[in-house]
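Visitor: Take a look at this one; I'll ask things after.
The values are calculated or read from the model by the stated rules, or taken from the named source; none is laboratory data. If you're wondering where the values come from, they're calculated on a predicted model, not measured in any experiment. Neighbour counts run over all protein chains shown; Cβ positions are idealised from the backbone, glycine included. Accessible surface is based on the protein model in full, side chains and every heavy atom, while ligands, DNA and RNA are left aside. Shrake-Rupley method; radii C 1.70, N 1.55, O 1.52, S 1.80 Å.
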Amino acid sequence: MKLINNPDRSQWAEILKRPVMNTENLFDTVRGIIDRVKSDGDRAVLEMEVKFDKAELTSLAVTEAELKEAETLVDEKLKAAIRLAKQNIETFHAAQRFEGKKVETMPGVTCWQKAVAIEKVGLYIPGGTAPLFSTVLMLAVPAKIAGCKEIVLCTPPDKEGRVHPAILFAAQVAGVNRIFKAGGVQAIASMAYGTESVPKVYKIFGPGNQYVTAAKQLVSLRDVAIDMPAGPSEVEVLADETANPVFVAADLLSQAEHGVDSQAMLITTSEDLQQAVKEEVERQLELLPRKEIAEKSLASSKLIVVKDMEEAIELTNEYAPEHLIVETADYMQVAERVVNAGSVFLGSLSPESAGDYASGTNHTLPTNGYAKAYSGVSLDSFIRKITFQEIRQEGMKNIGPAIEEMAANEHLDAHKNAVTVRLKTI
């Protein structure tokens, strides 16, 4: 990890750079796969599964028998953990239900909003080096609470054509309607355009590699909505001299093991902590099964010392981390000043992995600085709000002349007339 001490503000932009992920370079390749799926449907997806996932499949759908078998293959302790996580995610997201209020903007004019679920949603769950069954819960549970009628899940099979049993079990617990064996670009294209097996959806959620990210970007240009722009995962620990270096190092490594392009940052006011964390990271790294991945990630990670907490908070808000852990003596006061972050973890006993799994908050979050403008996935991600208005006689008398005046001055006479013909009758 790079050690940086008291950087000048002119250096901040360079210091806060993320690992580059230029998905535009992949667009031609990705577009070719999308077009094949659009034209050839299931046949194209099955061919792509052989090519990319090395899986010979006769059909894409996960069968009832496979779902029952998966339940027998998942350890009882893991089942209990999944159920506990599901309960907490459900509790937190259910509290986000929208309550629309009718507002009389002036006598005779009433306006309100109604929340309506997106009817068909698609969830992409990576298989790869770490089958993310936790992401199934993070996406399917709020979709179910929102009232989405069709929840479709795509995930890559292994070389034997099987889906990881924990993914299948989590999908059943969370209420997924249909599950398909499809990974990568072909999965995104299947949900965006539909095939003989996979239904077309209205919005696609879920993380993935750079090819999946590029595919989501392309299909979102005109054909389907997506959850948010996404890049490699990242964490920042904001700490003072009271922080425990063992905890801080563990938090940095928990993110570094995600992938070689993940980024872990420490911003602290203490040089002693910086040095202690460096030594502790090196010690803990040697014990990790995913050491090779974490090691490559740490090459673009940084331990930064700044002059005071004021500057630390300012640098943090400029970075806008996906995950932010605040380990300071006055962490609640510091938290009040955080304005750019995906999800914040407060105090020494709140590791980022709690939010990844079981505290109840959602772990599908904006990366790459998008936390300055985007929220993480929530119940709102699965609903739309429709506005309604009712104008009665008194209301038309009150606002009609203003509408006529504004329409006339925009030279939209038909707009004006739609009001004028009504005013003549009352």
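Visitor: Of the residues Ile118, Ile179, Ile167, only one is outside the structural domain of Gln255 (by the TED database), open to solvent by less than 20 Å² (accessible area, probe 1.4 Å), modelled with pLDDT of 95 or more and touching a Gly at 6+ places or on another chain (Cβ under 8 Å); which?
Guide: None of the other options fit; the residue is Ile167.
Visitor: Go through the stretch 385-426 and count every residue that is in contact (Cβ under 8 Å) with a residue 40 or more places away in the chain and open to solvent by less than 100 Å² (accessible area, probe 1.4 Å).
Guide: Selection size over the stretch 385-426: 11.
Visitor: Let me ask another. List every residue pair whose Cβ atoms sit under 6 Å apart, with the two residues 6 or more apart in sequence or on different chains, where the first one lies in the stretch 37-50 and is on the phi < 0 side of the Ramachandran plot and β-branched (Val, Ile, Thr) and the second, anywhere, is crowded, with 22+ Cβ neighbours inside 10 Å and outside any helix (DSSP H, G or I).
Guide: Val45/Ala182
Visitor: Another question, if that's okay. Quick check on Pro199: is it crowded, with 24+ Cβ neighbours inside 10 Å, in a loop (DSSP other than H, G, I, E, B) and not small (Gly, Ala, Ser)?
Guide: Criteria not met by Pro199.
Visitor: Here's a follow-up. In the stretch 1-48, what count of residues is obtained for those that are in contact with a strand residue (DSSP E or B) (Cβ under 9 Å, 6 or more places away or on another chain) and not assigned by the TED database to the domain that holds Ala192?
Guide: Looking only at that region, the number is 12.
Visitor: Residues that are of a type in the set (Gly, Ala, Ser): list the helices (runs of 4 or more DSSP H) wholly contained in the stretch 331-426 that include at least 2 such residues.
Guide: 352-357, 393-409, 413-423
Listed here are the residues, each with its yes/no results for (1) more than 30 Å from Pro142 (Cα to Cα); (2) assigned by the TED database to the domain that holds Glu241; (3) touching a strand residue (DSSP E or B) at 6+ places or on another chain (Cβ under 6 Å).
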site: Thr316; (1), (2), (3): no, yes, yes
site: Val344; (1), (2), (3): no, yes, yes
site: Ser348; (1), (2), (3): no, yes, yes
site: Ser353; (1), (2), (3): no, yes, no
site: Ala358; (1), (2), (3): no, yes, no
site: Pro401; (1), (2), (3): yes, no, no
site: Glu404; (1), (2), (3): yes, no, no
site: Ala414; (1), (2), (3): yes, no, no
site: Asn417; (1), (2), (3): yes, no, no
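Visitor: State whether the residues of the stretch 324-342 include one that is outside the structural domain of Phe205 (by the TED database), under 15 Å from the mean Cα position of the chain (by Cα) and open to solvent by 30 Å² or more (accessible area, probe 1.4 Å).
Guide: No, because not a single residue in the stretch 324-342 is outside the structural domain of Phe205 (by the TED database), under 15 Å from the mean Cα position of the chain (by Cα) and open to solvent by 30 Å² or more (accessible area, probe 1.4 Å).
Visitor: Would you kindly identify the helices (runs of 4 or more DSSP H) lying entirely within the stretch 217-318 that contain at least 3 residues that are closer than 30 Å to Asp28 by Cα?
Guide: 291-298
Visitor: A follow-up question, please. Suppose we filter the stretch 51-78 for residues that are among the aliphatic types (A, V, I, L, M) and in contact with a Leu (Cβ under 8 Å, 6 or more places away or on another chain); how many remain?
Guide: Here the count works out to 5.
Visitor: Give me the residue from the stretch 130-177 that is under 18 Å from Gly355 (Cα atoms) and of a type in the set (Ser, Thr, Tyr) and, out of that set, farthest from the chain's Cα centre (by Cα).
Guide: If we take residues in the stretch 130-177 being under 18 Å from Gly355 (Cα atoms) and of a type in the set (Ser, Thr, Tyr), then Ser134 is farthest from the chain's Cα centre (by Cα).
Visitor: Here's another thing I want to ask about it. Is there a residue in the stretch 34-45 that is among the hydrophobic types (A, V, I, L, M, F, W, C) and under 30 Å from Pro321 (Cα atoms)?
Guide: So far as the stretch 34-45 goes, no, none of its residues is among the hydrophobic types (A, V, I, L, M, F, W, C) and under 30 Å from Pro321 (Cα atoms).
Visitor: On to the next question. Does the stretch 261-273 contain at least one residue that is open to solvent by 10 Å² or more (accessible area, probe 1.4 Å), out of contact with any Asp or Glu (no Cβ under 7 Å at 6 or more places or on another chain), at pLDDT below 95 and not aromatic (Phe, Trp, Tyr)?
Guide: yes
Visitor: Quick one: which residue in Tyr370, Tyr357 is in contact (Cβ under 8 Å) with a residue 40 or more places away in the chain, open to solvent by 50 Å² or more (accessible area, probe 1.4 Å) and within 18 Å of Ser134 (Cα to Cα)?
Guide: Answer to the selection: Tyr357.
Visitor: Oh, and also: Test each condition in (1) at pLDDT 95 or above; (2) within 15 Å of Ile89 (Cβ to Cβ) for Val152 and report the one that comes out false.
Guide: Unmet condition: (2).
Visitor: So Ser348 fits all but one of (1) touching a Ser or Thr at 6+ places or on another chain (Cβ under 9 Å); (2) hydroxyl-bearing (Ser, Thr, Tyr); (3) open to solvent by 60 Å² or more (accessible area, probe 1.4 Å); (4) within 30 Å of Ile145 (Cβ to Cβ); what number is the exception?
Guide: Unmet condition: (4).
Visitor: Report, by residue number, each residue of the stretch 1-39 that is charged (D, E, K, R) and surrounded by 14 or more Cβ atoms within 10 Å (Cβ to Cβ).
Guide: Arg18, Arg31, Arg36, Lys38
Visitor: Testing Thr58 on (1) part of a helix (DSSP H, G or I); (2) open to solvent by 70 Å² or more (accessible area, probe 1.4 Å); (3) modelled with pLDDT of 95 or more, one condition comes back false. Which one is that?
Guide: Just one mismatch for Thr58, condition (1).
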